[in-house]
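The structure under discussion appears below in the form of structure tokens.
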Amino acid sequence: MAPDRYAVIGHPVAHSRSPAIHAAFAQQTGQALVYERVLAPLEGFAATVRGFAEEAPNPGRGCNVTVPFKFEAWQLAGHHTERARLAGAANTLRFDAGAQPAGWLADNTDGVGLLRDIEHNAGFTLAGRRVLLVGAGGAAAGVLGPLLAARPAKLVLANRSMGKAEALAYSHAEWARQHGAALATATLQAPGEGYDLVINASASSLQGAASPVPAGVLGPGALAVDLMYGAAAAPFLAWARAHGAQARDGLGMLVEQAAEAFELWRGVRPLTAPVLQALRAEVDAQAP
């Protein structure tokens, strides 16, 4: 019997480390599956996903979704977890009704993955802290809900387009109120100062920029996190360290969100620490 098939679908996708992560999870938990990379044309995401879900003789069982398709993935599925519904974006699809999107389940594991990496792996408690989230696209939408659920004292969304930031804040306003977190928006030029945690969820790292916000955002002993990893995150991490902050890339989030997706698909929770340790060693060895 052929092993179940899963994939990461995006554009680009060749760089993705998800196949290695899920192969390690499968070996660890004794699950029979294969995990592939699938490149989707920018105007052909839905057709690509449907093709994977119905590909004979062994249709796919689910997929992860990366840039720039997370909003489209949410729209494609007929069912949504609460965290996907809140984000309005999805990074994980489970093909519960085969090739029929009306029966698919969309989830967003990004935020819970980031939260687990920050609080469990980095040992940083968010409750009562001041947080700056930079960006208002799919990455920011995916992490905002879980960050607010951790009950920071205040969370500020800073973005180049104030309209996008305000729309994202509006969609999370009631959620923030329920969790006792003050939620506000700001421009990149005047985002405020002295934050305990600064998260870069913008595209600046993909463009080689060090930081989209001034150094004053970093409070004493602040933690600065870039959702990218490897060479893309290096300028932001160097900027954070140069200004006295603790710097952390998105590799831990990548592994933790993958574990959430794996559990959604397979019903078993893999251990993330050994996988993250091996992946960290590999990424560090490839650093210039």
Worksheet item: Which residue pairs have Cβ atoms closer than 6 Å, lie 6 or more positions apart in sequence or on different chains, and pair a first residue in segment 106-123 that is closer than 10 Å to ASN91 by Cα with a second residue that is crowded, with 24+ Cβ neighbours inside 10 Å and among the β-branched types (Val, Ile, Thr)?
Response: ASP107/THR92; THR109/THR92; ASP110/VAL143
Worksheet item: What do you reckon, is LEU93 under 19 Å from LYS70 (Cβ atoms) and touching a Pro at 6+ places or on another chain (Cβ under 7 Å)?
Response: no
Worksheet item: Pick from segment 1-34 the residues that are hydroxyl-bearing (Ser, Thr, Tyr) and over 20 Å from VAL283 (Cα atoms): which of them is surrounded by the fewest Cβ atoms within 10 Å (Cβ to Cβ)?
Response: THR29
Worksheet item: Applying the selection to segment 99-110, what residues are out of contact with any Gly (no Cβ under 7 Å at 6 or more places or on another chain) and either over 18 Å from PHE262 (Cα atoms) or of a type in the set (Val, Ile, Thr) (or both)?
Response: ALA99, GLN100, THR109
Item to complete: Report whether or not ALA23 is of a type outside the set (Ser, Thr, Tyr), at pLDDT 95 or above and either touching a Ser or Thr at 6+ places or on another chain (Cβ under 6 Å) or over 28 Å from LEU147 (Cβ atoms) (or both).
Response: yes
Worksheet entry | Residue check, GLU82 acidic (Asp, Glu), closer than 22 Å to GLY145 by Cβ and surrounded by 16 or more Cβ atoms within 10 Å (Cβ to Cβ) | no
Response to the item:
For ALA176, the lone unmet condition from (1) in the same structural domain as VAL8 (by TED's automatic domain parsing); (2) in a helix (DSSP H, G or I); (3) crowded, with 18+ Cβ neighbours inside 10 Å is (1)
Worksheet item: Does ALA281 satisfy being over 16 Å from VAL112 (Cβ atoms), in the same structural domain as GLU36 (by TED's automatic domain parsing) and of a type outside the set (Val, Ile, Thr)?
Response: yes
Worksheet item: When you scan segment 179-288 for strands (runs of 3 or more DSSP E) that lie fully inside it, which ones turn up with 2 or more residues that are farther than 30 Å from ALA106 by Cβ?
Response: 195-200, 218-226, 246-248
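Let's see how each residue does on (1) crowded, with 24+ Cβ neighbours inside 10 Å; (2) assigned by TED's automatic domain parsing to the domain that holds SER16; (3) under 17 Å from the mean Cα position of the chain (by Cα); (4) modelled with pLDDT under 95:
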{"residue": "SER202", "(1), (2), (3), (4)": "yes, no, yes, yes"}
{"residue": "GLY216", "(1), (2), (3), (4)": "no, no, no, no"}
{"residue": "LEU223", "(1), (2), (3), (4)": "no, no, no, no"}
{"residue": "ASP226", "(1), (2), (3), (4)": "yes, no, yes, no"}
{"residue": "ALA233", "(1), (2), (3), (4)": "no, no, yes, yes"}
{"residue": "HIS243", "(1), (2), (3), (4)": "no, no, no, no"}
{"residue": "PHE262", "(1), (2), (3), (4)": "yes, yes, yes, no"}
{"residue": "GLY267", "(1), (2), (3), (4)": "no, yes, no, no"}
{"residue": "ALA273", "(1), (2), (3), (4)": "no, yes, no, no"}
Discussion item. Suppose the filter is under 30 Å from PRO214 (Cβ atoms) and in contact with an Asp or Glu (Cβ under 9 Å, 6 or more places away or on another chain); does GLY250 pass it?
Written reply: yes
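The values are calculated or read from the model by the stated rules, or taken from the named source; none is laboratory data. Keep in mind that this is a model prediction, so the values were computed, not measured. Positions of Cβ are generated from backbone atoms using ideal geometry, with glycine treated the same way; all protein chains shown enter the neighbour counts.
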